[in-house]
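Okay, so here's the structure we're looking at.
The values are calculated or read from the model by the stated rules, or taken from the named source; none is laboratory data. This one's a predicted model, so the numbers in the text were calculated from it and none came from an experiment. All Cβ positions, even for glycine, are placed from backbone atoms using ideal geometry, and neighbour counts span all protein chains on display. In case anyone asks, the SASA skips ligands and DNA or RNA and just uses the protein heavy atoms, side chains included. Shrake-Rupley method; radii C 1.70, N 1.55, O 1.52, S 1.80 Å.
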Amino acid sequence: MLKKMVLTLIFTTMVFSTNVAEQSQAASATAIQAQTGDQLYPIEVNGKYGFINGKGKEIIEAVYDGYGYSGVAGGTVYVEDHAAKKQYYFSSAGSKLFEYKLRDAGILYNDRALYTTQVQNADGATATRYGYIDSHGKVSIQPIYAQAFNFSEGLARVNVGKASGYINTKGELVIPYRYSSTSDFSEGMAAVVLAFGGKYGYIDTTGKLRITPRYDYATPFSNGAAVVYVNGKYGYIDKNGNYLLKPQFSMAQPFSEGLAFVERNGVTFYINKKGAKVIQGFTAGGLFKGGLAPASQGQRYGYINTSGRFVIKSQFYWADAFNGELAVISLLVPNSREEIRGYMNRSGAIVWPPASELPNGVTKLQ
């Protein structure tokens, strides 16, 4: 009987919405290959969780009750032991770093992880407050925040009252509490709203307002461009707030490696930053990572290159963008309704589940 694997995905590719928080920059296939040993991927075996590396080797045995990970090269991970009421943090090489009380701390970003504690207010009521621990499990920033988020590019957005500002990894307030809504930094910029119900604009890491609020919705920068929403349509801007492409799309994904998948007048296609149709004939498309993107012309998904040619043929029930050297793919077992989810490398070889757990002949797909 096949062992099933379930994944909590960080990266969403076949999404027809601009709510994609894609913050990673494009990297060449060579650079991604070099990062393989520094990235872990979650697996599930018979209801227990562990991690493999980019070669499919089990680095953290799948014997735990849950997990957390950032999905970035070099990032730490944790696994949950419900019986012991603890979670254990590991380096990307699989070395144990520290342990913490179960569900009281999150994933490490920029060597800081959110943690929570309960405090008593002056009226005797209890409230949840947020602080940060470091990569040794020690408190680095005291739990004084009513709301807090993970660090990105060295800054984290936090609230003491209703207003939001940004702190650095030392806990110093570097951008004052003046915003109604904030977002994580990506490529040195963050989308913010000054007043409740107001328009979106962008600030830089010094807090300087770089792009005046004028958008109904705004997304993180990716590949030097950001998707913005105005009057029911999506368009793209540069870091000076100039339109690369005026709002005209009913769906728009972030740019990745110079290309973006969009929809206009019911037709989907890839464009370049000049708005020219570069790749056509696909009903679904994802982000390019190292020269490959998942795409579909109908019932099945494969992987195309930046010329629009299938490099790994269309044969998957579902496929995600590459994250490092591996991508999540889904296959239907022949003559059954069972679905296999696993990891595939850039050569089209399935590295997880092991070959012994796959149907005969399903080991390499091109």
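Worth a mention:
- The shape of the chain can be summarised by an equivalent ellipsoid whose semi-axes, obtained from the alpha carbon gyration tensor, come to 34, 31, 16 Å from longest to shortest.
- Paramagnetic reach from residue 251 in the stretch 298-322 [backbone N under 12 Å; point 7 Å along Cα→Cβ]: 298
- Taking the accessible area of the chain, probe 1.4 Å, and keeping the other protein chains in place, the carbon and sulfur fraction comes to 47%.
- Mean-square fluctuations from a GNM of the chain, with a 10 angstrom spring cutoff on Cα atoms, peak among 329, 271, 43 at 271.
- Average accessible area per residue (Å²) across the stretch 117-163 - probe 1.4 Å, nucleic acids and ligands excluded: 54
- Over 25 Å (Cα to Cα) - which of 57/170; 239/289; 55/96; 55/313; 55/85 fall in this group: 57/170; 55/85
- HN-Hα J in Hz across the stretch 337-353 - Karplus 6.51, -1.76, 1.60, θ = phi - 60°, x for Gly and Pro: 9, 6, 10, 10, 10, x, 10, 10, 8, 6, 8, x, 8, 7, 9, 7, x
- The Cα trace of the stretch 234-366 gives Rg and Dmax of 16.5, 55 Å, the first to one decimal, the second as a whole number.
- Accessible surface computed residue by residue for the stretch 241-366, with neighbouring protein chains in place and a 1.4 Å probe, gives 42 Å² per residue.
- The 1.4 Å probe gives accessible areas that order 183, 296, largest first, as 183, 296.
- Residues whose placed amide H lies under 5 Å from that of residue 145, excluding near-sequence neighbours: 130
- Of the residues 307, 256, 314, the one with the largest accessible area comes first in the ranking 307, 314, 256, computed with a 1.4 Å probe on protein heavy atoms.
- Values of log10 I(q)/I(0), in the order q = 0.14, 0.17, 0.19, 0.23 Å⁻¹, for the stretch 50-141 under a Debye, Cα-only, solvent-free model: -0.53, -0.73, -0.87, -1.15
- By a 1.4 Å probe calculation restricted to protein chains, residue 61 has an accessible surface near 120 Å², given to the nearest 10.
- Residue 246 - accessible surface, heavy atoms, 1.4 Å probe, Å² rounded to 10: 140
- Accessible surface for residue 80 stands near 10 Å², nearest 10, in the context of the full protein assembly shown (1.4 Å probe).
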